[in-house]
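**Q** I'd like to ask you about the structure that follows.
What follows draws every value from the coordinates through simple rules; no lab data is involved. Computed from a predicted model, the values in this text were never measured in an experiment. Counting neighbours? That spans all protein chains shown, and the Cβs are built from the backbone with ideal geometry, glycine included.
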Amino acid sequence: MELAVGIELCLECDRDLEHCHGTAIVHLDGFSECSEDPDCRLIAAAHWFQSLCEQEACQSC
Ligand SMILES: [Zn+2]
Ligand SMILES: [Zn+2]
Ligand SMILES: [Zn+2]
């Protein structure tokens, strides 16, 4: 299997853990959503990247 360029080996993938390579947008109320996959229901901590929501651009806050 070839690894895509730029993707480093992922410990979670290696261990078959539930996680997401996307970015979790964390809103003011603590609700988080995945910027990569709308169906992703994982907590923010399970994501590779987390970013605080930017209120001006946010549709949820
Ligand atoms: Zn992974
Ligand atoms: Zn927000
Ligand atoms: Zn996700």
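**Q** Starting at the first residue of region 39-47, write each ³J(HN,Hα) from the Karplus equation 6.51 cos²θ - 1.76 cosθ + 1.60 with θ = phi - 60°, in whole Hz, x for Gly and Pro.
**A** 8, 5, 10, 6, 5, 4, 5, 8, 9
**Q** Mind listing the long-range amide H neighbours of SER32? Cut-off is under 5 Å, sequence gap 5 or more, other chains count too, H placed in the peptide plane at 1.01 Å from N.
**A** HIS27
**Q** Then there's this: Suppose a student asked you for the relative contact order of the chain, using Cα pairs under 8 Å spaced at least 6 residues apart; what percent would you report?
**A** Answer for the chain is 32 percent.
**Q** Express in nm, to one decimal, how much length is gained between GLN55 and PHE31 on full extension, taking 0.36 nm for each residue of separation and deducting their alpha carbon distance.
**A** 7.3 nm
**Q** With θ taken as phi - 60° and the coefficients 6.51, -1.76 and 1.60, list the Karplus ³J(HN,Hα) couplings across region 15-32 in order, rounded to whole Hz; mark glycine and proline as x.
**A** Ordered by residue, 3J(HN,Hα) equals 8, 6, 8, 6, 6, 9, 8, x, 10, 8, 8, 9, 8, 4, 7, x, 5, 10 Hz.
**Q** Kindly provide the Kirkwood hydrodynamic radius of the chain in Å, to one decimal, from all pairs of distinct alpha carbon atoms.
**A** 12.7
**Q** Mean residue ellipticity at 222 nm from the helices of the chain, using -39,500 (n - 2.57) per DSSP H segment of n ≥ 4 over the full residue count, to the nearest 500 deg cm²/dmol?
**A** One gets -1500 deg cm²/dmol as the mean residue ellipticity at 222 nm.
**Q** Provide the percentage of antiparallel DSSP beta bridges, counting only those with both residues in the chain; round to the nearest 5.
**A** Expressed as a percentage, antiparallel bridges in the chain total about 40.
**Q** At most 10 other C-beta atoms within 10 Å and a DSSP loop state: those are the exposed GluC sites (Glu not before Pro) I care about. Give me the longest piece of the chain that has none.
**A** 19-53
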